Amino acid sequence: MTKRLHQKHALLTGAAGGIGLAVAAAFVQEGACCTVTDIGAQATPALAALMAAHPQQVHYLPTDVTRMDQITALIQAAHHRFGPITTLFNNAAIFDMAPLLQSDEAMYDKLFAVNVKGAFFVMQQTLAHMVEQQVKGGAVINMASQAGRRGEALVSHYCASKAAIISYTQSAALAMAPHRIRVNAISPGVINTPMWAGVDALFAKYEHLPLGEKKKQVGQAVPLGYMGEPTDIGGAAVFLASDEASYITAQTLNVDGGNVMS
């Protein structure tokens with residue numbers, strides 16, 4: 001590896017598995033120290049293995065991103081362990097879906113609490129920390145989705161929550177430009193993560209499909225012909241976190257096999 005993230009301290013939310021864990025592994029391989037957080041009290045086996053392989057570079061702190069006090073404590077603890085945070089991979093999110101006329105207040109509150117409120121205040125507090133610490137070359141990478149580019153009949157709340165991430169990315173990038181802190185987002189397409197088992201089951205329920213059929217369909221519908229892997233997001237995240245992207249801000253990068261053209 002080229003150690004493109006040498007002397008970087010990355011904070012990664014929603015990183016106990018899937019995309020978040022793949023990005024953490026990519027960051028570590030490029031030389032970054034990583035404070036990794038998720039909702040679970042203990043690290044998952046896969047994350048624990050990464051920590052065991054890189055004990056001086058990876059530290060896990062369980063955090064509920066819907067709790068302001070826990071976000072504050074997370075940033076303070078991360079700073080204490082590895083020094084000022086230079087990079088944020090803002091990934092914590094949840095998924096749910098239902099037909100529009102059946103989408104209730106509880107589903108709305110749950111999705112927006114994590115995907116919008118949590119993501120915004122993690123970003124806000126991390127940016128305030130970067131400004132206070134006078135971080136040079138700070139970078140925030142928010143996780144959007146192709147769902148934020150268009151509505152879907154069964155996925156209205158999730159789509160809206162990811163559209164909010166794209167908008168917040170643009171606003172934050174403009175606000176932070178005078179501090180030379182870059183704010184970008186990644187918009188994945190269909191990525192083969194463990195979460196897809198639940199997503200597929202929900203589509204099977206509402207579209208009356210056999211289990212596994214929706215996952216097969218969406219993979220075949222991608223212009224490149226297959227679902228992406230978490231490591232595909234890792235490569236994009238490393239680039240946006242690195243100095244190679246020093247003149248890129250306020251952008252949402254599609255990593256989706258050609259699903260969205262922009």
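Helix 195-207 and the longest principal axis of the Cα set of the chain meet at an angle near 20°. With neighbour counts taken as other beta-carbon atoms within 10 Å, the residues Ser187, Ser167 rank, fewest first, as Ser167, Ser187. With contacts taken as Cα pairs under 8 Å and at least 6 residues apart, the chain reaches a relative contact order of 20 percent. Counting lysine pairs in the chain whose alpha carbons fall under 30 angstrom apart, excluding pairs fewer than 8 residues apart on the same chain, gives 22. Derived from the Cα gyration tensor, the three semi-axes of the equivalent ellipsoid of the chain are 29, 19, 19 Å, largest first.
Backbone amide hydrogens, once placed in the peptide plane, bring Tyr60 within less than 5 Å of Val36, excluding anything fewer than 5 places away on its chain.
Every number here is computed from the coordinates shown, using simple stated rules; none is lab data. Quick caveat, the model's predicted, so the values are computed rather than measured. As a convention, Cβ positions derive from the backbone with ideal geometry for all residues, glycine included, and neighbour counts pool all protein chains shown.
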